[in-house]
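Below you'll find the structure, written out as structure tokens, and then a few comments.
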Amino acid sequence: MVEPLGDITLKFGERVQAAAIRGPDEAWRARITRLLGHKGDPWHWQNTELLTCHTGVEAWFYVLHRAGAPFAHIMTAETGGVGIFGHVWTEPADRGQGAAGALMERQIAHFRARGGRALFLSTSPDNPAFALYARYGFAAVEPQSGAMACAFQGMETFEAGYFAPGEVHIEPLGWPHWPTAPALFMADIPGIIRCAPLGLIGRKSPEGALLPWIRQKSAGQVVVAAKPNGAVVGLAAWDHDSLSADSIGVDVFCHPHFWSQAAPLLAAVLARAPRSRRVASADSDCPAKLAALRAAGFQVAATWPRRLAADAAATRFADLVMLEHGG
């Protein structure tokens with residue numbers, strides 16, 4: 001489906017067309033994947049899937065184009081009005097004419113008109129695009145971080161409703177969880193080691209980390225606790241430990257309102273994990289996680305004081321706690 005978003009006049013006077021393409025869309029698939037081909041995998045796979053298949057994700061590909069030939073692009077991938085903002089690209093020959101800003105203005109207006117609530121992105125604080133994103137409502141989740149979020153009613157109001165206590169379902173990781181997981185992992189909540197098997201340490205977007213697991217359909221290795229509104233409120237995972245061939249790493253992370261879901265999340269992954277030596281890690285900033293791991297049979301093996309930076313600016317440090325499964 002294609003929605004025209006009107007004409008845009010670039011800085012040098014050329015008029016081009018803006019459009020929002022909702023995936024899947026066969027007619028635009030090759031054109032958009034070719035435009036974004038420089039990104040490589042897993043992003044090429046992700047874009048192709050969202051433009052080819054009904055994944056359960058509401059995917060929008062915003063473009064500026066000349067008679068159907070796109071040269072500037074922004075993507076949003078959403079579940080229930082919450083999602084990922086990314087794949088911002090302007091062809092080198094068309095840069096310096098305000099294309100990205102003009103397209104982002106149309107994209108934000110279209111997202112809000114559809115009832116969009118919050119978007120999350122990952123960049124670096126020294127990226128020139130950082131200022132562009134800030135101009136349209138995104139803010140770094142903490143000082144010196146490239147993780148940015150935009151909630152149009154304010155982040156505090158958004159999170160209060162989105163993560164309100166309520167019914168949840170434990171289920172294998174799937175496409176609909178991908179757009180909403182950043183709201184949990186980038187939130188200002190206790191916990192530095194958020195998912196060691198996925199490499200998620202600190203307040204970072206999991207968008208890249210989750211794609212290989214969705215692609216492999218590794219049933220049982222990553223499970224989530226999800227609310228009916230699409231919010232991912234907890235996640236547990238296991239993977240083969242990179243430092244020891246006979247070990248697997250296990251982890252769990254939950255929103256503070258949902259640590260009660262840690263037990264079923266851990267039970268789900270441990271039931272499917274090999275009977276190898278099982279290790280886990282926690283930090284002193286999140287006693288709830290340490291308690292959940294101990295309740296699941298893990299025992300503290302070692303503690304290293306002040307080993308982990310608790311924020312992107314490294315202004316505070318927390319203890320690293322290593323655990324082994326006692327069963």
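The values are calculated or read from the model by the stated rules, or taken from the named source; none is laboratory data. Small disclaimer: the values here were computed from a predicted structure and weren't measured. Positions of Cβ are backbone-derived with ideal geometry, glycine not excepted, and every protein chain shown enters the neighbour counts.
From the list Ala147, Ala187, Ala183, Ala139, which one is under 20 Å from the mean Cα position of the chain (by Cα), within 29 Å of His54 (Cβ to Cβ) and modelled with pLDDT of 95 or more? The unique qualifying residue is Ala183.
The set of residues in the stretch 176-204 that are within 22 Å of Met155 (Cα to Cα) and not in a loop (DSSP other than H, G, I, E, B) comprises Pro176, His177, Ala181, Pro182, Ala183, Leu184, Phe185, Arg194, Leu200, Ile201. Sub-9 Å Cβ pairs linking a first residue in the stretch 150-166 that is of a type in the set (S, T, N, Q) to a second residue that is surrounded by 19 or more Cβ atoms within 10 Å (Cβ to Cβ), at least 6 apart or interchain, are Gln153/Arg117; Gln153/Ala118; Thr157/Ala151, ordered by first then second residue.
For the stretch 141-150, the criterion of being touching a Lys or Arg at 6+ places or on another chain (Cβ under 7 Å), of a type in the set (S, T, N, Q), outside the structural domain of Cys254 (by TED's automatic domain parsing) and not in a helix (DSSP H, G or I) is met by at least one residue.
Specify the residue that is farthest from Ala69 (Cα to Cα); the eligible residues are those in the stretch 20-56 that are among the aliphatic types (A, V, I, L, M) and touching an Asp or Glu at 6+ places or on another chain (Cβ under 7 Å).
Among residues in the stretch 20-56 that are among the aliphatic types (A, V, I, L, M) and touching an Asp or Glu at 6+ places or on another chain (Cβ under 7 Å), the one farthest from Ala69 (Cα to Cα) is Leu51.
Inside the stretch 280-327, residues that are aliphatic (A, V, I, L, M) and more than 25 Å from the chain's Cα centre (by Cα) make up a count of 9.
Gly68 fulfils the conditions (1) at negative phi; (2) at pLDDT 95 or above except for a single criterion, (1). Residues in the stretch 49-79 that are buried (at least 19 other Cβ atoms within 10 Å of the Cβ), small (Gly, Ala, Ser) and in contact (Cβ under 8 Å) with a residue 40 or more places away in the chain: Ala77 alone.
Restricting to the stretch 37-48, name every residue that is surrounded by fewer than 20 Cβ atoms within 10 Å (Cβ to Cβ) and touching a strand residue (DSSP E or B) at 6+ places or on another chain (Cβ under 9 Å). Residues satisfying the conditions are His38, Lys39, Trp43. Screening the candidates Ala147, Ala140 for the property of being of a type in the set (Gly, Ala, Ser), under 15 Å from Gly83 (Cα atoms) and surrounded by 14 or more Cβ atoms within 10 Å (Cβ to Cβ) yields one hit, Ala147.
The residue list Phe258, Phe317 contains one member that is aromatic (Phe, Trp, Tyr) and within 30 Å of Thr79 (Cα to Cα), which is Phe258. In this structure, is Leu308 out of contact with any helix residue (DSSP H, G or I) (no Cβ under 7 Å at 6 or more places or on another chain), buried (at least 19 other Cβ atoms within 10 Å of the Cβ) and either in a helix (DSSP H, G or I) or not assigned by TED's automatic domain parsing to the domain that holds Ser244 (or both)? So Leu308 fails the test.
Filtering the stretch 102-122 to residues that are surrounded by 13 or more Cβ atoms within 10 Å (Cβ to Cβ) and closer than 17 Å to Ala183 by Cβ leaves Phe111, Gly116, Arg117, Ala118, Leu119, Phe120, Leu121, Ser122. When Ala314, Ala263, Ala271 are screened for being out of contact with any strand residue (DSSP E or B) (no Cβ under 6 Å at 6 or more places or on another chain) and closer than 14 Å to Leu235 by Cα, only Ala263 passes.
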